[in-house]
Structures are given as C-alpha cells and as structure tokens.
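Presented below is the structure to which this report refers.
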Amino acid sequence: MAHKLVDSFLKDVLQENRTMITEREALKAFAETPVIKEILQEWAYKQAEKRVEVEVEKQQALALQEALLDVLAIRFGKENGKVRRMVLALDNPKKLKAMHRRALKAKSLAPIVAQLQKARARS
C-alpha cells in the first residue's frame, strides 16, 4: 500500500513539474508532505520510546544486581567472585527481584548459588 502511494505521488509530481526533477527531489517532496511528516514523526517517537524502555530495564537490572550482591554480602559474608559473576550475568529484572527475595529468606548461600546456576543454564 505504502509503495503504491509513493509511486503515485512520484508520478504526479513528475507529471506536474514538466521540468527535469530527479527522483531524489520527488522523494524529498514526498517526505515533506504533512501526512508523511506525521507518520515519520510518530515512527521516530516510537523508536525513542523503545530505546528509553530498554535503557530503563538495563538500569533496573543494574540496581537489582547491586542490591542482591549487597544482601548476599551482608547475610553470608565476604563476596564470592564466582557468585558475583553469576549475579552480573543475570540481567532480567523479574528474575533478579525473585532472587533478591530468596536471598533475604535463605538460611545459607548454597540454595542461592543453585538458583543462580539454574538461571544461568536457562539463559
């Protein structure tokens, strides 16, 4: 549908301007029409929204990773490099939040490590 619209517009512009007009100039004129400008602006806005959502999720994951590492260090002592790497490899905010809750309730580090290994294997 959009392809036909572009072709139709180009045909009209080329016929209307009996002068030598390049296809590039015609496409530029097409892109500057109000309807197309609005479509392009809406598309650009949606792309920006997606980038913001991705960045927010990354920041949430970083905050949750740090919170989980803090809980593990406070509850179970000195930070373990292997455990740290497993936590940092987990980047899903929902999984990190669930893991954080488990860490608050766990009686030892072993079940947390087992859960981290399972989460790592699923990824």
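Each value in this text was obtained by applying a stated rule to the coordinates, not by laboratory testing. Here the structure is a predicted model, which is why all the values come from computation and not from measurement. All Cβ positions, even for glycine, are placed from backbone atoms using ideal geometry, and neighbour counts span all protein chains on display.
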Among 46-57, 65-76, the order from most to least packed when residues are scored by Cβ within 10 Å on average
65-76, 46-57
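Given R₀ = 41 Å, FRET efficiency for residue 50-residue 108 by Cβ-Cβ distance, to 0.05?
Working from the Cβ atoms, E equals 0.50.
Charges only on Cβ, +1 for Lys and Arg, -1 for Asp and Glu: so what's the dipole of segment 16-87 about the Cα centre, in debye to the nearest 20?
The calculation lands at about 540 debye.
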Could you give the nm distance between label points at residue 33 and residue 60, where each point is 7 Å from its Cα heading toward the beta carbon?
4.0
The aspartates and glutamates whose Cα lies under 18 Å from the Cα of residue 107, excluding any fewer than 8 residues away in the same chain, are 70, 79
Listed residue pairs exceeding 26 Å between alpha carbons, taken from 50/97; 46/97; 4/28; 50/105; 46/118; 37/58:
46/97; 50/105; 46/118; 37/58
